[in-house]
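Input: a single structure, listed below in structure tokens.
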Amino acid sequence: MPYGSGYSPHVRVDEQYLPVVFLLIPDVARFGLEFECFVEFRYPVAVDCSAFVPGVEFDVLEGPRRVGIGRVLP
């Protein structure tokens with residue numbers, strides 16, 4: 001994953017694709033290590049984000065390519 005705030009991939013929960021922005025990404029993201037950050041939905045009114053609940057796992061996608069995985073923290 002690219003380093004820095006404002007990274008805008010899609011996340012896939014089940015088969016639902018959600019456009020997001022990763023915020024406050026720490027330096028360790030550059031090295032492929034596990035990290036915590038905040039995610040903001042790009043179109044929260046237009047997209048059903050109800051599947052993005054604590055404990056759910058998701059894929060981070062750039063186009064059709066999976067570039068990472070994650071889990072929603074409580």
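See the values below:
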read-out: Cross-chain or 6+ apart pairs with Cβ under 8 Å, region 23-36 first and closer than 17 Å to residue 69 by Cβ, then modelled with pLDDT of 70 or more and not in a loop (DSSP other than H, G, I, E, B); value: 25/7
read-out: Residue tally, condition out of contact with any Gly (no Cβ under 8 Å at 6 or more places or on another chain), part of a strand (DSSP E or B) and touching a residue at least 12 places away in the same chain (Cβ under 8 Å), over region 41-65; value: 3
read-out: Residue 39, sole failed condition from (1) under 15 Å from residue 8 (Cα atoms); (2) exposed (fewer than 15 other Cβ atoms within 10 Å of the Cβ); value: (2)
read-out: Any hit, region 30-40, residues being under 17 Å from residue 6 (Cβ atoms), over 12 Å from the mean Cα position of the chain (by Cα) and not in a loop (DSSP other than H, G, I, E, B); value: yes
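The values are calculated or read from the model by the stated rules, or taken from the named source; none is laboratory data. Just so we're clear, the structure is a prediction, and the values are computed from it rather than from any experiment. All Cβ positions, glycine included, derive from the backbone under ideal geometry; neighbour counts span all protein chains shown.
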